[in-house]
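Presented below is the structure to which this report refers.
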Amino acid sequence: MRPRGALAVVACFVSPSCVRPAARPLVARWPTPARRLTGVAAARAVASAPPPAVSMTETAQDLLRSRVVAALTTAFGPDAAANPMLTPATKAGFGDYQCNAALSLAKKEGKRPRDVAAAIIDALDVSDFCEAPTVAGPGFINLTLTPAYVSGRLNAMLADLSRLGVTKRTGSAAKKVVVDFSSPNIAKEMHVGHLRSTIIGDSLCRLLEFLGHDVVRLNHVGDWGTQFGMLIQLLREEVPDFVAGTGELGDVDLGDLVVFYKRAKARFDVDPAFKEAAQREVVALQGGDEVSRRAWQAICGQSRVEFQKLYDTLRVEVTERGESFYNPYLADVVADLERQGLAVEDQGATVVFLEGAQFTNREGDRQPVIVRKSDGGFNYATTDLAAMRYRVQEDGAQRILYVTDIGQSLHFQQVFQVARRAGFVPEKVSLEHVPFGLVQGEDGKKFKTRSGDVVKLKDLLDEAVVRSRSELEARLAADNRTESPEYVQDVVSKVGIAAVKYADLKTSRTSNYRFSFDKMVKLDGDTAPYMMYAFVRTQGIYREAGGGRALEDMEGKDVAFAYPVAAELALAKTLLRLPEVLAELERDLCPHVLCEYMKGVSTLFNRFYEQCPVRGADSEAVKESRLALCAITASVIRRCLDLLGIQTLDKI
């Protein structure tokens with residue numbers, strides 16, 4: 001996906017008369033449009049214009065793409081239509097959308113790009129929702145939506161402010177999607193490294209659920225493996241009656257499992273007898289020994305309590321289905337691979353050799369994936385293969401997403417290949433690794449405490465709330481304003497958590513990013529508080545100018561939108577792009593695209609706020625149009641924030 005900055009979003013929607021100044025534009029052979037009207041005259045003209053005869057459920061980009069494809073097919077044949085190269089405009093002056101197909105076709109056709117562009121325009125019929133297309137520069141086709149079409153789309157958004165013109169996927173378009181995210185390890189505390197998987201995964205789930213997909217939110221926790229032998233053996237020694245089922249835990253503190261784990265690991269590293277006993281416990285646990293499982297369940301139970309506190313703070317819902325869940329299926333997975341001739345013995349282990357040049361060295365040796373170790377144990381690859389097969393066969397998954405750090409990319413390339421070759425996952429089911437970069441400190445290094453430990457997620461969230469409180473109290477003092485303790489607590493908790501989430505999600509998913517408490521709690525700039533404040537402002541304007549009405553009172557109205565000031569049309573065109581942005585996010589799974597869009601909406605709304613008085617509008621029609629824009633803007637910002645897992649406030 002090509003990265004875009006927030007300014008690019010803002011610049012997409014400008015005066016339709018602007019074109020690229022490199023050359024005099026070619027204009028389609030349509031009648032010259034009437035001169036532009038301003039003020040109340042413009043409002044009356046738009047109000048009297050007939051409604052567009054185009055679908056209001058199809059996005060402008062999809063509608064344009066189908067028309068451009070038809071034009072390319074007519075002008076140059078079906079091969080030319082394979083890639084219409086239609087995108088939102090990227091700079092001021094280029095209309096609302098651009099078609100760049102002429103540049104790639106020119107060489108093939110042996111013609112000048114501008115001549116190819118002219119031929120495309122001759123075959124292009126968009127007069128029912130676009131102004132006359134223009135050609136600029138070497139052959140860029142600029143396309144600008146008509147105000148009448150924009151008004152129709154806005155009224156479609158007003159018809160249901162909860163969906164805002166976003167079509168809900170139904171029938172074959174609605175998929176069963178499994179999202180594997182968060183995935184901490186039992187007996188270890190969640191740290192800052194779990195932040196990205198948890199909130200990116202939650203945001204993607206929220207989006208897919210809103211679009212109508214059936215989403216399974218899975219927490220593939222690390223609740224199985226060698227480390228449990230150490231923990232169980234320590235419990236056996238310290239509270240043998242509890243492990244045996246004849247007593248309680250007593251004075252043993254499992255509240256801080258990190259400390260308990262460190263004690264067990266220290267013994268494991270220096271005490272050979274303890275190590276040997278711990279290894280026996282692993283075998284006993286995997287074999288279903290009742291005593292070992294009782295101790296294991298106690299450890300897992302305590303971890304779940306601590307994990308849930310963090311999930312509640314982050315407002316994240318997830319269903320635990322850990323590694324242990326798939327333990328009964330591991331032997332069958334290996335047996336199936338062996339029956340198909342995919343798994344073979346190699347140096348005592350059972351492996352599947354990978355195919356492809358990327359997995360073959362210079363000597364022609366293929367890289368193996370171990371599915372059963374030489375000691376008979378299984379590993380992560382085996383568990384992931386069992387999980388994939390279960391998710392397809394039992395969950396009915398049609399799309400499976402793995403939200404993990406970018407360092408696991410190779411692992412997923414390997415197990416995806418094995419799963420496909422074994423038939424565990426048919427081609428019609430999409431397997432997607434959704435990788436993300438690291439969270440870094442402001443010095444660009446791994447985010448750690450001064451002592452060198454990885455920052456605990458709980459400490460990070462607590463600190464965000466503390467910083468948020470400090471910022472709010474300073475502003476209240478500066479404004480000589482007093483608020484109740486309940487109000488302050490509500491605001492600082494919501495803003496603090498929102499700040500952490502937004503600071504992460506606004507960064508391109510695959511990039512590392514530098515975490516700064518000082519920057520993220522500010523009420524200006526590209527921060528969560530800025531977006532939350534934009535929502536508060538839209539509500540305030542609506543309440544003040546609308547006579548105390550609620551935003552929802554505008555829902556279902558048929559408004560004659562007016563655009564006497566350019567800022568109104570620019571905001572309107574940005575608002576109607578919401579379905580396109582969500583479709584892009586559904587495809588590419590990059591939440592920063594939604595953050596960029598919301599920043600563009602907020603920026604244009606502030607420009608609208610400065611240039612377009614609502615209460616003092618020139619006419620009642622213009623006032624009603626501006627009130628409707630406020631209602632749609634508020635609903636768009638609220639929906640975007642909700643998809644990011646961020647709550648709104650009525651007052652900051």
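Here is how the numbers come out for the structure above:
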| item | result |
| --- | --- |
| In Hz, Karplus ³J(HN,Hα) per residue of region 416-421 (6.51, -1.76, 1.60; θ = phi - 60°; x = Gly, Pro) | 4, 4, 4, 4, 5, 5 |
| Centroid-to-centroid separation of region 103-117 and region 141-190 [C-alpha atoms, Å] | 36 Å |
| Cα Rg, Dmax, region 457-643, angstrom units | 17.8, 54 |
| Area projected by the alpha carbon convex hull of the chain, averaged over all directions, nm² | 36.3 nm² |
| Of all DSSP beta bridges in region 103-221, antiparallel share, percent nearest 5 | 45 percent |
| Cα shape, region 299-457, gyration tensor, a/c 1.5 rule | prolate |
| Whole-number percent relative contact order across the chain, with pairs defined as alpha carbons under 8 Å at least 6 apart | 17 percent |
| In degrees, nearest ten, helix 330-339 long axis to first principal axis of the chain (Cα) | 80 degrees |
| 0 to 90° range, to nearest 10: angle between helix 195-210 axis and the chain longest Cα axis | 50 degrees |
| Computed helical MRE - 222 nm, the chain, DSSP H runs ≥ 4 contributing -39500 (n - 2.57), nearest 500 | -15500 deg cm²/dmol |
| Cα-based shape type of region 468-564, given that a ≥ b ≥ c are square roots of the gyration tensor eigenvalues and the cut on a/c is 1.5 | oblate |
| Spatial separation of Cα centroids for region 392-422 and region 590-643, in angstrom | 40 Å |
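Coordinate-derived values only; no laboratory data. These numbers come from a predicted model, not from an experiment.
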